[in-house]
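Student: Dumping the structure here so I can ask a few things about it.
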Amino acid sequence: MLDKTDEEILSELRKNSRVSSRQLAAKLHLHPTTVISRVSRMEKSGVIQGYGANLDLSSLFKGFLFRIFT
């Protein structure tokens, strides 16, 4: 079960999953060890299943021509 602190951590990680534990702890007024242990617990329990990147597909494929044959 997640508490308010877990939800705040998850909210910040959704905004920026690359944020350091130290930065996250400072923003949430927590000790870095607390953030590390809570994130680790949520990873092990499957609440956090991975980290990713949001891609701008129009920028990624700029200049490519696609042909679809059916």
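Student: In segment 50-70, what residues are among the aromatic types (Phe, Trp, Tyr) and either over 14 Å from the mean Cα position of the chain (by Cα) or open to solvent by less than 50 Å² (accessible area, probe 1.4 Å) (or both)?
Tutor: Hits for segment 50-70 are Phe61, Phe64, Phe66, Phe69.
Student: Kindly provide the set of residues from segment 3-21 that are open to solvent by less than 90 Å² (accessible area, probe 1.4 Å) and free of Cβ contacts under 8 Å to residues at least 12 places away in the same chain, ordered by number.
Tutor: Asp3, Ser11, Asn16, Val19, Ser20
Student: A follow-up question, please. Going residue by residue through segment 22-40, is there one that turns out to be in a loop (DSSP other than H, G, I, E, B), without any contact (Cβ under 8 Å) to a residue 60 or more places away in the chain, under 17 Å from the mean Cα position of the chain (by Cα) and surrounded by fewer than 14 Cβ atoms within 10 Å (Cβ to Cβ)?
Tutor: Taking segment 22-40 first, the residues in a loop (DSSP other than H, G, I, E, B) are 29-31.
Within this subset, residues satisfying the condition of being without any contact (Cβ under 8 Å) to a residue 60 or more places away in the chain are 29-31.
If we keep only those that are under 17 Å from the mean Cα position of the chain (by Cα) as well, we get none.
Within segment 22-40, not a single residue is in a loop (DSSP other than H, G, I, E, B), without any contact (Cβ under 8 Å) to a residue 60 or more places away in the chain, under 17 Å from the mean Cα position of the chain (by Cα) and surrounded by fewer than 14 Cβ atoms within 10 Å (Cβ to Cβ).
Student: Just to be sure, is Val47 open to solvent by 50 Å² or more (accessible area, probe 1.4 Å) and either in contact (Cβ under 8 Å) with a residue 60 or more places away in the chain or touching a Leu at 6+ places or on another chain (Cβ under 9 Å) (or both)?
Tutor: Answer is yes for this residue.
The values are calculated or read from the model by the stated rules, or taken from the named source; none is laboratory data. Please read all numbers here as calculations on a predicted model, not as lab measurements. Please note: Cβ atoms are built from the backbone with ideal geometry, for glycine as well, and neighbour counts cover all protein chains shown. Just the protein is used for accessible areas: all its heavy atoms, side chains included, with ligands, DNA and RNA removed. Shrake-Rupley method; radii C 1.70, N 1.55, O 1.52, S 1.80 Å.
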